[in-house]
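Reviewing the structure listed below.
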Amino acid sequence: MNIPQALLPLSGALNILSSDLFEEGLKLSKASPRKRIILPMHKSSDASMHRMLNFLQPESYIRPHNHSTSNKTESVIVIQGSIQFFTFFDDGTIDKKIVVGGTSKNFGVDIEPNVYHAFFALEEDTIVFETKPGPYDKETDKLFAEWAPAEGTDDALFYMEMLKEWEMEKEE
């Protein structure tokens, strides 16, 4: 089965976000090599507001990035499960770590442009709602951190494990 990075956008004037929709997104995220899949709720990449559901599994690596080139704010709200959210200083040093969702009192974050950030699922079948201004341009949407390994590399898996271990050490 060939799993895309994102599903086709929702198409109706009214779209019901149901448990069936969530089950399908989670099933595809488990089958995806990236262990995540996005469901766009905006109709096109030219839309002025982008809204999406991100279905995640704990093995999914999201490379630290910021939105300095597009000057866009971003909001992330956990619908189901939980995430470990990080912000970083420009040199790659961890600035903040926040558990969002699950039993945490935190249910979301709002990030200004120029803030390096990343997150990973702490639980299987995590669902996150994300929103940021459009339009989307792949070349300018994200500025990936040069100090963080690219997605899909062995170094990325090592880096994500390091983040997890750092988290465990700091909580003891």
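Read-outs throughout are calculated quantities, based only on the coordinates presented, and are distinct from any laboratory measurement. In this text, all values refer to a predicted model and were calculated from it rather than measured experimentally. Here the Cβ positions follow ideal geometry from the backbone for every residue, glycine too, while neighbour counts run over all protein chains shown.
Of note:
- Anisotropy class of region 116-168 from Cα gyration tensor, a/c 1.5 cut: oblate
- In this structure the amide hydrogen of GLY134, modeled in the peptide plane, comes within under 5 Å of the amide hydrogens of MET49, HIS50, none closer than 5 places in sequence on its chain.
- Shape of region 19-171 from the C-alpha gyration tensor: rounded (a/c under 1.5, with a ≥ b ≥ c the square roots of its eigenvalues).
- For LYS27, the lysines whose Cα falls under 28 Å of its own Cα, not counting residues fewer than eight places away in the same chain, are LYS35, LYS43, LYS105, LYS132, LYS138, LYS142, LYS164.
- 0 to 90° range, to nearest 10: angle between helix 154-171 axis and the chain longest Cα axis: 70
- Sites ILE79 and PHE158, calculated FRET efficiency, Cβ-Cβ separation with R0 30 Å, nearest 0.05: 0.50
- Euclidean distance between Cα centres, region 81-99 to region 1-68, Å: 22
- Between helix 19-31 and the chain: long-axis angle, C-alpha atoms, 0 to 90°, nearest 10: 50
- When each of LEU26, LEU8 is scored by the number of other beta-carbon atoms lying within 10 Å, the sequence from fewest to most is LEU8, LEU26.
- Segments 103-111, 157-165, 77-85, 29-37 sorted - mean Cβ within 10 Å per residue, highest first: 77-85, 29-37, 157-165, 103-111
- The phi-based Karplus calculation (6.51 cos²θ - 1.76 cosθ + 1.60; θ = phi - 60°) puts the 3J(HN,Hα) values of region 65-81 at 7, 9, 10, 6, 6, 9, 6, 10, 7, 9, 10, 10, 10, 8, 8, 8, x Hz, whole numbers, x for Gly and Pro.
- For the peptides 53-61, 145-153, the ranking by mean Cβ contacts within 10 Å, running from highest to lowest, is 53-61, 145-153.
- Taking amide H positions as modeled 1.01 Å from N, with prolines and chain starts lacking one, no residue 5 or more places away or on another chain lies under 5 Å from ALA148.
- For the peptides 119-129, 90-100, 63-73, the ranking by packing is 119-129, 63-73, 90-100, with the highest mean count of neighbouring Cβ atoms within 10 Å listed first.
- Rounded to the nearest whole Hz, the Karplus-based 3J(HN,Hα) values (6.51 cos²θ - 1.76 cosθ + 1.60, θ = phi - 60°) of region 32-37 follow the sequence 6, x, 7, 6, 6, 8, with x at glycine and proline.
- Each Cα pair under 8 Å and six or more residues apart adds its separation to the average, and for region 1-149 the resulting relative contact order is 29 percent.
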